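Chemist: Okay, handing you the structure first.
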Amino acid sequence: MSDTLFPKLPYKLKQRADEATVNIQLQQFVNHATYSKDVARKQAMGGAFGENTDAVRDLAGQIKQHTLDHLDHYLEQFIDNATATGVQVHFARDGEQANQIAVAIAEANKCRLCVKSKSMVTEETHLLPALEAVGCETVETDLGEFILQLDNDAPSHIVTPMIHKDRTAVARAFQRELGAEYTEDAEALAQIARKHLREKYRKADLGISGGNFLVAETGSVVLCTNEGNGRFCTTAPRIHVAFVGIEKLVPRLEHLGVMLKVLARSSTGQPLTCYTHTITGPKREHEHDGPEEVHVVLVDNGRTDVLHEDTREMLRCIRCGACLNSCPVYRKIGGHSYGAVYSGPIGAILTPMLKGLENYTDLPHASSLCGACYEACPVKINIPKYLIQLRRDMVQNHLSGTGDRVTMRLWGESLQHEWSYRIGGWMQKTFARMQAKFGGTLETDDPYASRGWLTWAPGPVKGWTQERDMPTPTAKSFRHWWRKEHGR
Amino acid sequence: MKVALFITCLTDTFYPRTGIAVVKVLEKLGCEVAFPEAQTCCGQPMWNNGHHHEARELAKRMAEVFEPYDHVVTPSGSCAAMIRDYYGEMFEDEPAWRKRATALSDKTFEFVEFLVNVLDVDLRKHGVKWDGQATYHYSCHLRGIGITDEAVRVMKQIEGLEYKPLEKAEQCCGFGGTFAMKYPQISGTMVRDKVSCIKATQAPTVISNDAGCTMNISGSCRREKVDVNFKSLAEIIAEGMGLM
Ligand code: SF4
């Protein structure tokens, strides 16, 4: 599992991506599921906000941007207010430190069993093995994550972690690992998981969660789940530890009004997630339920580097997954191809920032820059712009290869003059048409429509013709026509 | 109205008929069309690949070449988006050039956008007639310039043209410039998805306005033996007006 999200660096995307494109199962599930989620998002956002959809996205983006612009202020405010409610706030510079904090809490309290709800930050820090190493059995309780844990597999989507698996895989895992009878009935499968997990909640002495938002004004952790497992994890055990990235802050409770609405609609097309908890402090004296201790671990793990003015916008991300669902590349290659915790368009810009551009030079390039992600993003992160910015950084830091530099330099230069542009065009046309003529594919006599087709080509065009035919230029160009008709 | 045509390198060499149609339609609608022959490329391939120095040099050239004209029309949404979305950002540190480059951004329009939003044309008043069924490929970079269903609305003004909607219309065809060559297998899977949607419409004609998309999709149709015709909306209109 660890190899899937933590591959050997530098990571090259090609092998996994190419395998994914011929993986029929992946092509069917991921392609279909993401497409229908994308449709659901559009309907939900459009249905609720109509013509104002764009303005609502602007607002959500501004709330996050403002918070990031004043992050030090709001972090302090959060720490003060959370501490006042009895929460113990910790700060972790990196993943290892975050895990150490959690492990120390588990050890100090002799925790033997931990129930955990879904959290991308804990994937980042690789928390689960760290807890298990000190004898604290840890159970994933989000249904998707639970199944991945049984299969020793890794999440491939921010919101729908097992989007690459189907029901039969669940049935097999339950049969093999839980001794359940084989069934593909969704209801029955849910019951099996429920029965198994209920027992765990009852016995657990540690609960781990993530956090979708932190509210500075009240010191609260806000958690959105659809299965109710988050509530069990954060109320049943004696101790609750929340792992949250420092960028998850919003200033005030009232901002949740906007953020929760766009989060649910963008991620699953729901008006709200089924369970939205606002956790403000541990159990009070007069209360019956809730943990006695609440810890919030504020995780940096590379985020302050992204906080630079030029890239800060990336930290607006509320992990809704809309950009993944809308992305034609993600649909075809699935999450594991990105070789990191965050996949899809946001992963393609965030991973190189968090883990070193030199380690992930493929990610910014493996995109057609179609802009679907930008259009989908509820906080308006201009992902294509950042993809290009990272490509530029690669050129400037000599990570893009000499061949690439020389080609672009020459190409750029040849376009600086009309004569060299024309010679270039003429050569391209002549060679391509010659080859097409040999292949017998030249069509029609109209000089402005007559073209041939290449089924094989050398050099950089080879990749093109490997997958599809390449049209040749026509016998005469537009320029030729213009001179003839409107000639000098 | 005086209009300069920015033909773009791909349309110039691969789809001259589209350029011819744009000129004829615009002239028919009363525009005076100029074609500054010094034009070459907007710099998009360089910019998108991170070679920003080269892109800037080409952008300067563009700004100069088109400086004398009031409107610039191009048959490519992609190149229009390049000029509109990035020419300002390109010259953040060079205010003088920034001014000249954004002046070009402000007056550059994609052809269909120009018809609808600037000329405010209603083809029904021009008796445009084109018989046949056609589907339409929405090219991604139209998003960048805020164009959504304009082309479809125009198609519906053409008598005899039966519009067949395309499933997953907003999904990229997988062209993406050098992307198609750098990641052929991903790109190939994307374009085959597009081709299967086209096939499902059963329309014999695909209207596709961006040269890059057309090269990609038509090349895949040929490889997959899906027999369809490709035309730009400009060609359809010109044919429908009896100009070609
Ligand atoms: S980048 Fe935007 S669309 Fe993608 S997960 Fe983050 S918030 Fe959602």
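Chemist: Could you do me a favour and compute the accessible area per residue for the protein assembly as shown, 1.4 Å probe, result in Å²?
Modeler: Heavy-atom SASA per residue in the protein assembly as shown reads 40 Å².
Chemist: Rounded to the nearest 500, what is chain B's calculated 222 nm mean residue ellipticity when only DSSP H runs of at least 4 contribute -39500 (n - 2.57) each, over all residues?
Modeler: -14000 deg cm²/dmol
Chemist: Compare the peptides A:464-475, A:442-453, A:331-342 by average per-residue count of other Cβ atoms within 10 angstrom and give them in order, highest first.
Modeler: A:331-342, A:464-475, A:442-453
Chemist: Which value in nm describes the separation of the simple spin-label points at A:E287 and A:T168, placed 7 Å from the Cα toward the beta carbon?
Modeler: Modelled inter-label distance: 4.7 nm.
Chemist: Starting from the Kirkwood Rh over alpha-carbon pairs, what translational D in µm² s⁻¹ does the range B:148-204 have by Stokes-Einstein at 37 °C and 0.692 mPa s?
Modeler: 254 µm²/s
Chemist: Give a residue-ordered list of calculated ³J(HN,Hα) values for the range B:124-129 (Karplus: 6.51 cos²θ - 1.76 cosθ + 1.60, θ = phi - 60°; whole Hz; x for Gly, Pro).
Modeler: 4, 6, 9, x, 7, 9
Chemist: May I ask you to list the residues of the range A:102-141 whose amide nitrogen lies under 20 Å from a point 7 Å from Cα along the Cα→beta-carbon direction of A:A190?
Modeler: Inside the label zone: A:117-118, A:140-141.
Chemist: Please work through chain A and write down the cysteines that have no neighbouring cysteine Cβ at a distance under 4.7 Å.
Modeler: A:C111, A:C114, A:C136, A:C224, A:C233, A:C274, A:C317, A:C320, A:C327, A:C377
Chemist: For chain B, modelled as a GNM with alpha-carbon contacts under 10 angstrom, which of B:I217, B:I20, B:I83 fluctuates the most?
Modeler: B:I20
Chemist: Report the dimensions of the range A:211-337 along its three principal axes from the alpha-carbon atoms, largest first, rounded to Å.
Modeler: Largest first, the range A:211-337 extends 52, 33, 30 Å along its Cα principal axes.
Chemist: Then there's this: Considering amide H positions built from the backbone, and no H for Pro or chain starts, which residues 5 or more places from B:N229, or on another chain, come under 5 Å of its amide H?
Modeler: B:T205, B:V206
Chemist: Now for a different question. Hand me the GluC sites (Glu not before Pro) from the range B:68-124 located in a DSSP loop with no more than 14 other Cβ atoms within 10 Å, in residue order please.
Modeler: B:E92
Chemist: Provide the three semi-axes, in whole Å and in decreasing order, of the ellipsoid equivalent to the range B:50-191 as defined by the square roots of 5 times the Cα gyration tensor eigenvalues.
Modeler: After diagonalising the Cα gyration tensor, the semi-axes are 31, 23, 10 Å.
Chemist: Moving to a separate point now. Take the Cα coordinates of the range A:331-488, assign each an equal point scatterer, and use the Debye formula without solvent to give log10 I(q)/I(0) at q = 0.09 Å⁻¹.
Modeler: Cα-only, vacuum Debye calculation for the range A:331-488: -0.48.
Chemist: Ok, one more. If each DSSP helix of 4+ residues adds -39,500 (n - 2.57) and the sum is divided by the residues in chain A, what number results at 222 nm, nearest 500 deg cm²/dmol?
Modeler: The per-residue figure over chain A is -15500 deg cm²/dmol.
Chemist: Tell me, what is a quarter of the convex hull surface for the C-alpha atoms of the range A:330-391, in nm² with one decimal?
Modeler: Value for the range A:330-391: 3.9 nm².
Chemist: Also, quick follow-up: Can you give the FRET efficiency to the nearest 0.05 for A:H417 and A:Q466, using r as the Cβ-Cβ distance and R₀ = 30 Å?
Modeler: That gives a FRET efficiency of 0.35.
Chemist: Volume per residue, Å³, of the convex hull around the alpha-carbon atoms of the range B:129-173?
Modeler: 68 Å³
Chemist: Given a 1.4 Å probe, show me the residues in the range B:178-201 buried by at least 40 Å² of accessible surface when comparing the whole protein assembly to the chain alone.
Modeler: B:F179, B:M181, B:K182, B:Y183, B:P184, B:Q185, B:I186, B:T189, B:M190
Chemist: Further question on the same structure: Sort all Cα-Cα distances of chain A into consecutive 10 angstrom bins from zero, then give the percent of pairs in each bin up to the one containing the longest distance.
Modeler: Result, from short to long distances: 4, 17, 26, 23, 14, 8, 5, 3, 0, 0 percent.
Chemist: Please give the total accessible area that chains B and A bury against each other, computed with a 1.4 Å probe and expressed in Å² to the nearest 100.
Modeler: 6400 Å²
Chemist: On the Cα set of the range B:1-111, report Rg and Dmax in Å, please.
Modeler: Cα-based Rg and Dmax for the range B:1-111 come out at 13.5, 42 Å.
Chemist: Here's something else I'd like to know. Need one number: nm distance between label points at A:R112 and B:E64, each 7 Å from Cα along Cα→Cβ, rounded to one decimal.
Modeler: In this crude label model, A:R112 to B:E64 measures out at 8.1 nm.
Chemist: What does the C-alpha gyration tensor say about the overall shape of the range A:1-112? Classify as rounded when a/c is under 1.5, otherwise prolate if a/b is larger than b/c, or oblate.
Modeler: oblate
Chemist: Which value does Rg/Rh take for the range A:131-201 over its C-alpha atoms, Rh per Kirkwood?
Modeler: My calculation of the ratio gives 0.96.
Chemist: Rg and Dmax of the range A:359-415, using alpha carbons, in Å: what are they?
Modeler: In order Rg, Dmax, the Cα atoms of the range A:359-415 give 13.6, 41 Å.
Chemist: Over 16 Å apart: what share of the alpha carbon pairs of the range B:54-113 falls there, rounded to a whole percent?
Modeler: Roughly 35 percent, rounded to a whole number.
Chemist: State log₁₀ I(q)/I(0) for chain B at q = 0.15, 0.18 Å⁻¹ as given by the Debye formula over alpha-carbon point scatterers of equal weight, solvent excluded.
Modeler: Normalising to I(0) and taking log10 leaves -1.04, -1.41.
Chemist: Can I ask one more? Pulled fully out, how much extra length does the chain show between A:Q43 and A:Q25, if you take 0.36 nm times their separation in residues and subtract their Cα-Cα distance?
Modeler: Extending this stretch completely gives an extra 3.8 nm.
Chemist: Going by amide H atoms built from the backbone, whose H comes under 5 Å of the H on A:S220, apart from near neighbours?
Modeler: Amide H neighbours of A:S220, under 5 Å, 5+ apart: A:V215.
Chemist: Classify the range A:1-64 from the C-alpha gyration tensor, please: rounded if a/c falls under 1.5, else prolate or oblate depending on whether a/b exceeds b/c.
Modeler: It comes out oblate by the Cα gyration axes.
Chemist: About the Cα centre of chain A, how large is the charge dipole given +1 on each Lys and Arg Cβ and -1 on each Asp and Glu Cβ? Please answer in debye to the nearest 20.
Modeler: Roughly 1780 debye, rounded to the nearest 20.
Chemist: Using 10 Å bins from zero, what percent of all Cα-Cα pairs in the range A:201-259 falls into each bin?
Modeler: For the range A:201-259, the pair-distance distribution reads 23, 47, 26, 4.
Chemist: Related question: Which ³J(HN,Hα) values, rounded to whole Hz and listed in residue order, are derived for the range B:165-175 from phi using the Karplus coefficients 6.51, -1.76 and 1.60 in 6.51 cos²θ - 1.76 cosθ + 1.60 with θ = phi - 60°, glycine and proline given as x?
Modeler: Calculated HN-Hα couplings, in order: x, 9, 5, 6, 4, 8, 8, 4, 7, x, 6 Hz.
Chemist: Could you sort A:376-384, A:270-278 so that the peptide with the highest average Cβ count within 10 Å comes first and the rest follow in order?
Modeler: Output ranking for A:376-384, A:270-278: A:376-384, A:270-278.
Chemist: Related question: How high is the relative contact order of the range A:322-459, in percent, counting Cα pairs under 8 Å that sit 6 or more residues apart?
Modeler: Relative contact order, the range A:322-459: 15 percent.
Chemist: Would you mind telling me the share, in percent, of accessible area of the range A:404-452 contributed by carbon and sulfur at probe 1.4 angstrom?
Modeler: For the range A:404-452, the apolar C and S fraction of the accessible surface comes to 65 percent.
Chemist: Taking amide hydrogens as modeled 1.01 Å from N in the peptide plane, which residues meet the under 5 Å criterion relative to B:L166, leaving out close sequence neighbours?
Modeler: B:Y136
Chemist: What do the square roots of 5 times the Cα gyration tensor eigenvalues come to for the range A:383-429, in whole Å, largest first, as semi-axes of the equivalent ellipsoid?
Modeler: Computed over the range A:383-429, the values are 27, 13, 9 Å.
Chemist: From the P(r) of the range A:85-183, could you give the percentage of C-alpha pairs in the tail past 24 Å?
Modeler: 31 percent
Chemist: Residue by residue through the range A:322-338, what is 3J(HN,Hα) from phi via Karplus (6.51 cos²θ - 1.76 cosθ + 1.60, θ = phi - 60°)? Round to whole Hz and write x for glycine and proline.
Modeler: 4, 5, 5, 5, 8, 7, x, 6, 4, 4, 8, 10, x, x, 5, 5, 7
The values are calculated or read from the model by the stated rules, or taken from the named source; none is laboratory data. The model shown is predicted, which means the values in this text are computed figures rather than measured ones. Virtual Cβ from ideal backbone geometry, glycine too; neighbours counted across all protein chains shown. The accessibility values were calculated without ligands, DNA or RNA, using every heavy atom of the protein model including side chains. Shrake-Rupley method; radii C 1.70, N 1.55, O 1.52, S 1.80 Å.
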